[in-house]
1. Does at least one position in the stretch 495-515 carry a residue that is at pLDDT below 85, of a type in the set (Ser, Thr, Tyr), over 16 Å from the mean Cα position of the chain (by Cα) and surrounded by fewer than 20 Cβ atoms within 10 Å (Cβ to Cβ)?
2. I need the full set of residues from the stretch 112-126 which are modelled with pLDDT of 95 or more and open to solvent by 70 Å² or more (accessible area, probe 1.4 Å), in order please.
3. Residue pairs, Cβ under 7 Å, 6 or more apart or interchain, first in the stretch 413-428 and farther than 27 Å from Arg498 by Cα, second open to solvent by 10 Å² or more (accessible area, probe 1.4 Å) and hydroxyl-bearing (Ser, Thr, Tyr). List them.
4. If you scan the stretch 490-529, which residues turn out to be closer than 24 Å to Val824 by Cα and among the acidic types (Asp, Glu)?
5. Does the stretch 128-143 contain at least one residue that is of a type in the set (A, V, I, L, M), open to solvent by less than 20 Å² (accessible area, probe 1.4 Å), touching a helix residue (DSSP H, G or I) at 6+ places or on another chain (Cβ under 6 Å) and assigned by the TED database to the domain that holds Arg38?
6. Filter the stretch 920-939 for residues that are part of a helix (DSSP H, G or I) and either in the same structural domain as Pro501 (by the TED database) or open to solvent by 40 Å² or more (accessible area, probe 1.4 Å) (or both); which is farthest from Phe881 (Cα to Cα)?
7. In this structure, is Glu67 charged (D, E, K, R) and closer than 15 Å to Asn348 by Cβ?
8. Across the stretch 885-903, which residue is modelled with the lowest pLDDT among those that are in a loop (DSSP other than H, G, I, E, B) and charged (D, E, K, R)?
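The values are calculated or read from the model by the stated rules, or taken from the named source; none is laboratory data. Just so it is clear, the model here is predicted, and its values are computed rather than measured. So basically every Cβ, Gly included, is an ideal-geometry build from the backbone, and we count neighbours across all protein chains shown. For the accessible areas, the whole protein counts, side chains as well, though only heavy atoms, and no ligand, DNA or RNA atoms are used. Shrake-Rupley method; radii C 1.70, N 1.55, O 1.52, S 1.80 Å.
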Amino acid sequence: MSQVSDIDESLYSRQLYVLGHEAMHHMKKADVLIAGMRGLGVEIAKNVILAGVKSVTVQDEGIASWEDLSSQFYLEESSIGQNRAQCSLSKLLKLNPYVTVSAHTGPLHENLLAQFQVVVLTNSSLDEQRKIGKYCHSSGIQFITADTKGLCGQIFCDFGEQFEVADWNGVPPVFATIDHISRGNPGIVTCTDKHEFQDGDFVAFSEVLGMTELNSCGQVEIKVLEPYTFSICDTSLFSEYEKGGVATEVKMPKMFHFQALHDAISNPQMVMTGYGKTNKHHTLHLAFQALHCFVKRAGRLPKPRDQADAKMLLAMMRELKSEAQLELDEDIVRKFAFTAQGNLGPVNSFIGGLAAQEVLKASSRKFTPVQQWLYFDALECLPEEEEEKEEVRLLTEHNFAPTGSRYDGQIAVFGKAFQEKLGKQKYFLVGTGAIGCELLKNFALIGLGAAEDGHITVTDMDSIEKSNLNRQFLFTSEDIGAILKMNPSMHITAHQNRVDPESEEVYGNKFFSSLDGVAAALDNLEARVYLDGRCVQHQKPLLEGGTLGTRGHTTVVVPFLTDSYGVPGSSLQKAIPLCTLKNFPYLIEHTLQWARDEFEGLFKQVPENVNQYLTDHEFLQRTLERGEAEALEVLAQLHGSVGSQRPAVWEDCVTWARLRWEILYNNDIRQLLHCFPPHQATHMDYIIAAANLYAQIYKIKGTRDRNTIREVLEKVHVPSFTPKSGVKIHVTDQDMEKDKENVDTAHLLKLKNELASTPGNSTTLRMHPIEFEKDDDTNFHMDFIVAASNLRAENYGIPPADRLKSKLIAGRIIPAIATTTAAVAGLMCLELYKLVQGHRRIELYRPAFLNLAVQTCVFYQPLAPQLFTVAGKKYSLWNQFPVQGRCNGQEEMTLKELIEQIKKEHNLEVTHLFYGKALLYSSGSEHQERLNQRVSDVVQTVTKVQIPQHQRVLEFYPSFAEDEDCEKVPPISYVRHSGSNKEVRPSGPYCYALYSGHPKLDKPRKSHISQSTFKTLALHHQPAAGFEQCRQFSYRSQELSEWTLLKPLAQPRPLLGSKYSSCGPTLCGHGEVSLPSTEGHIFDSSGFLLVHKAAPPFLQLF
């Protein structure tokens, strides 16, 4: 593999925001050995390779078995009987082109170990761990062991007697802007806002005017006095403070000390995964030791649910307990023995993510390593105690015995019946980014939806970028977007839809009603809240997880048992006041947001406005109705873009960029300083980026050649500028809002008149808006943002930001790393086990918060849903008043019948009925005539909107005479029509199905037809250029018994008046379609048909 000296920021960008360049450079020098290529070992190897160390060697002497397939995602059925390391190598090699990967199939020995800086053991005996741990400790090799048994796992780290970490927590250095510094011993620093420093922190000063000695005195230790003040060194001999300055935290190195495994095993120092689990973790510490003794004596692991083996392990535990003087939790030991033979993908995913992060800590010297033991268990995933009593006959050795299937490692824990239940699940996975890929991997390993009746629907509208490859292992650079199918039995349908109100035609009531649950792997709050609302509406469980660098969280929402994900509260990111952005920025975040707004305004909004003006005759009037201040700004931009200011050649673009620079970074700043003095030289980076972007929106060819641009700049005339008196500079947003009333109406009227008629050459005047794209380093987008922001930062004395930090802030990038992603997905799937089993005790569910930088793992009990009272009865957000609007094929009920049914079934009298914000009914008002109308007709009449045919359920919110003042009520879930949940399969003698075939469409649209002599097939899809909104077909029905799939041609052709092929249908002039007796093609560039071979002789198009 090729080795490069520089870091590929396009690949590692998200991870660089987590680790930084220095840590990544350390990692690139690390050679790592990972021993044991079962599920845990391959999980660690995958994460470490994605992270980008120098080399990884995977070692395993063992051969693959059926049990391995339950968690080893790089083994296939054809791998059975072959070496695990060798079988995994080809796929590991594809993960990262910058990492050398090799396999070693022989035993471990000192000559081999000496070649590595980090050694990881998995699936190893305690004797081997002691031996290799001793050698590594004495040789300065960082040593890690990791193991999983059933629902339990352990990690041990030994990084030597002295291990220095440069950054122990990974939190960006905090800083504070300075208001004043006193002269004295000690000097007192007063900040403009509350600071976040702590006693003993070190800070460095910059940009201080007057007391400039602080700028060069290096790191200074501080003592916190008040929220706004802290003391520093002796400043009595320094110059008098004038103004400005920033105090920035300096991260200090931290030293850690480790014991060798031989000593640490008898004197364990532990990281707690959860509160109040000290005794549990110490029990597991002894249980793993006892298990090694059991294997050494019996030559095998305890058999699943074998009471004799459990007693034998417990006896060994008691011997160890007498030495450790520890209270033993015998129930944990019994469950540990019952499940030790298990091999679970989700547990390996979690422990593998944590262990891989320890490898990165060892090789990068960043973040706090585990000291020294970490234990984890998910024994609450086992059946609830009540269920155990009811299902004693199922909990036998036979039910957990191997079956010679890929699920044997899971059957050993949960049994065959549970495996069958997993296979029948129907789940909806929203998002296939980093977490989504890991979830798909786990779904395949556990067999979710893999039975004949099971299914997984996946949707994600985003395309794959190169930076995704650093943490989304299912994607490769050769086949970006392709999902590696690890389990041939999986039933998966993939869509490219956004899940929002616009896609409810696809993901409507009948879709959600068919599901067993939903998993969300989304990267924004709004989408999570929307999906959560849909799950509440349809009473479906929701698994949700997210990451931010080394931090991660998981949430589980269980109908009627837990609270929901919740509605969005106030944004975590406070909006920056406009006056701050425009006139008084004081943080780099302000200048970057200002630069992003400049980009959007100049290169996207203006071109879009011009195009609307040229094609929409109502645009001018709509703009004038938006207020005079906004209209003047928009029309002035329009006038310039279609008039004399429109560039014709490249030199005009350079001139515009130079003059724009003068306005922004000279004239506006001088005017600001005049009203309440630096003058900068021309910044070529800004000129190059701005000129090229300006040229792009006019389809003018630009250049990067600096000499050519300098020649143009020498000819640019820059008008002189003198600051004006009386110009108002807005200090607050309120001032800006009030000043909108002061508009040059004469100029606005002039522009309106000049733009009243659209130019005759509107086609040539069309512009080309630019969508901001942060990840393409050749498109000038980030060039412009970085230059524009840093120039403005220099104007205001704000420390500039490099390109990487600028991209993080302006691009609103979420830092990410594969280790956290794997751990979060593993925990989500452990909660999935509980959902499938139907756990009803809320304390058994365990949402989690993780921070792998400092190995914080907090598990907590979810909140129960809040109850509210209506007419003396308790309800929660999960309750509804269901109403069937059409029963037994009858006509839809009237509004009166709906109200009467609520009274009959719930003894509540409806006084008001709302559909969204629309008032459908109010007793004692003029709405009495609506009572005899069909419910759907009332909705359509009041809202003046046609109810889409796919919308099966309407949600109404009533108020009741019995409790008029209650703020919350359960909604009325009104089912308009039953719909169908069937897939497109032959279901009767008169069934046809029409599919979408156009690549731009969201998903196949399906129609099912039966029973009638004449039926209509309608294909509805989102508008696409050149296609009609709807096409309709009808046919004469007859007895059918055999089906043919009429597939689309590779090159679609117009439907009417065309012949496709000798075996295809003939399309006649009057719209008749003659179908041959053999398979043929019919494709109208938007769909294809599933048709019976004995179909009627014609289809008539309306």
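1. no
2. Answer for the stretch 112-126, where residues must be modelled with pLDDT of 95 or more and open to solvent by 70 Å² or more (accessible area, probe 1.4 Å): Gln115, Gln117.
3. Lys416/Thr403; Gln419/Tyr407
4. Across the stretch 490-529, the qualifying residues are Asp516, Asp523, Glu526.
5. Going through the stretch 128-143, the residues of a type in the set (A, V, I, L, M) turn out to be 132, 141.
Keeping just the survivors that are open to solvent by less than 20 Å² (accessible area, probe 1.4 Å) gives 132, 141.
Checking which are touching a helix residue (DSSP H, G or I) at 6+ places or on another chain (Cβ under 6 Å) leaves us with none.
No.
6. Initial filter on the stretch 920-939 (part of a helix (DSSP H, G or I)): 926-932, 935-939.
Now restrict to residues that are either in the same structural domain as Pro501 (by the TED database) or open to solvent by 40 Å² or more (accessible area, probe 1.4 Å) (or both): 926, 928-930, 932, 937.
On the way: Glu926: 26, Gln928: 23, Glu929: 24, Arg930: 21, Asn932: 21, Asp937: 21 Å.
Restricting to residues being part of a helix (DSSP H, G or I) and either in the same structural domain as Pro501 (by the TED database) or open to solvent by 40 Å² or more (accessible area, probe 1.4 Å) (or both), the top hit is Glu926.
7. yes
8. Arg886
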